[in-house]
Amino acid sequence: MVRIIMHGCNGHMGQVISNLAKDDPEAEIVAGIDVTDEGKNSYPVYTSLSECTVEADAIIDFSAAAAVDALLDYSVSRQIPVVVCTTGLREEQLAKLEECAKKVAVLKSANMSLGINTLLKLVQDAAKVLAAAGFDMEIVERHHKLKVDAPSGTALALADSLNEAMENVYHYVYDRSQRREKREEKEIGISAVRGGTIVGEHEVIFAGPDEVIEFKHTAHSKAVFGKGALEAAKFLAGKPAGRYDMSDVIG
C-alpha cells in the first residue's frame, strides 16, 4: 500500500484523486495539505506543510504555482518523492525542480493522462515511418473556452515528440493566416480550438499522397489526469533521487 500526501487536497483535482484513491487497493491518502481545512475529507488536513509530519511514501501536488517552491523544499527535507502536477511554473521554478531531483525522486509531466503518454510514444514511432516517407504532420487541439494558454502544453509535447523522432529538424507553425505561400516540407502545424466545456482533445494528423492517418485522444473528464497521478505516485514510491516523467510510468 502506497501512502500518499495530497497537496492541494480541497481543490477540484485534489478531490478527484481523493475519490479515486478510495477505490484503489494499492494506494491510500494519509494526509492532505491545503490553505483551509473544510472538514470534507476522511484523512487529516493540515493548513501548512510544516504541520504535516505524517509518514508517507509519495506526495501528489495539484495546487498553485506559488505553492510549489515550498513543496519542493518539504519533499527534499523529508525525503518523500513528489509528483508535481501543477502547471504554469516559472523558469526559475522548473530549474529548482531539476535541482531538487538530484536529492529526491521528482516526477513532472506536461499531461498526467496515461492515454496521452501512450499516444506520445505511438506518434513518435509513426513519424519515423510516415514523415520519413514524405507525410505532412499537423496537430489540432481543442479545449474549453476558459483555457487561457494556446497551444496547450500537451500539443507542444506531441510536437516535440514528433520532432525528436525526426532528429529535431522541423519547426512549428501556429498561424498561417498571414502567409501566402505553400506549406514547407519540414514544418509541424499546431492549431488551437477554444469553446464550450471541452475537457481536452488532441489529434495528430499524418497527411500523405492519397491517404491520411489520424491519432486522436479525447478526455471526457478530468478523472483521467487523476488516475495518471495516482499511478505516478505508486511508481515513484521508493525510487532513488532523479527526474522522472510519465514515460517512465508507462514504460
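Rolling a 1.4 Å probe over the protein heavy atoms gives the range 107-232 an accessible area of 52 Å² per residue.
Listed by chain and number, the lysines whose alpha-carbon sits under 28 Å from that of Lys216, ignoring those within fewer than 8 places in the same chain, are Lys108, Lys121, Lys128, Lys145, Lys147, Lys182, Lys186, Lys227, Lys234. If you wrap the Cα atoms of the range 128-251 in a convex hull and average its projected area over all directions, you get 10.0 nm². Database remark: amide H of Gly32 closer than 5 angstrom to the amide H of Met6, Val45, Tyr46 (H placed geometrically; neighbours at sequence offset of 5 or more, or on other chains; Pro and chain starts carry no H). The phi torsions of the range 201-216, fed into the Karplus equation with coefficients 6.51, -1.76 and 1.60 and a -60° offset, translate into couplings of 9, 9, 10, 10, 10, 10, 10, x, x, 6, 7, 10, 10, 10, 10, 9 Hz, rounded to whole numbers, with Gly and Pro shown as x.
Shown for the chain: the carbon plus sulfur share of the solvent-accessible area, taken with all protein chains present and a 1.4 angstrom probe, equals 51%. Quick check: the distance between the Cα centres of the range 22-49 and the range 200-245, to the nearest angstrom? Comparing the Cα centres of the range 22-49 and the range 200-245, I get a distance of 26 Å. The angle separating the long axis of helix 223-236 from the principal Cα axis of greatest extent in the chain is about 70 degrees. When Rg/Rh (Cα atoms, Kirkwood Rh) is calculated for this entry, the matching label among [x] 0.92; [y] 1.02; [z] 0.98 is [y]. For the chain, the 222 nm mean residue ellipticity estimated from helices alone, with every DSSP H stretch of n ≥ 4 adding -39500 (n - 2.57) and the total spread over all residues, rounds to -10000 deg cm²/dmol.
The values are calculated or read from the model by the stated rules, or taken from the named source; none is laboratory data. Quantities reported herein were computed from a predicted structural model and do not represent experimental measurements. Heavy atoms of the whole protein, side chains included, go into the accessibility calculation; ligands, DNA and RNA do not. Shrake-Rupley method; radii C 1.70, N 1.55, O 1.52, S 1.80 Å.
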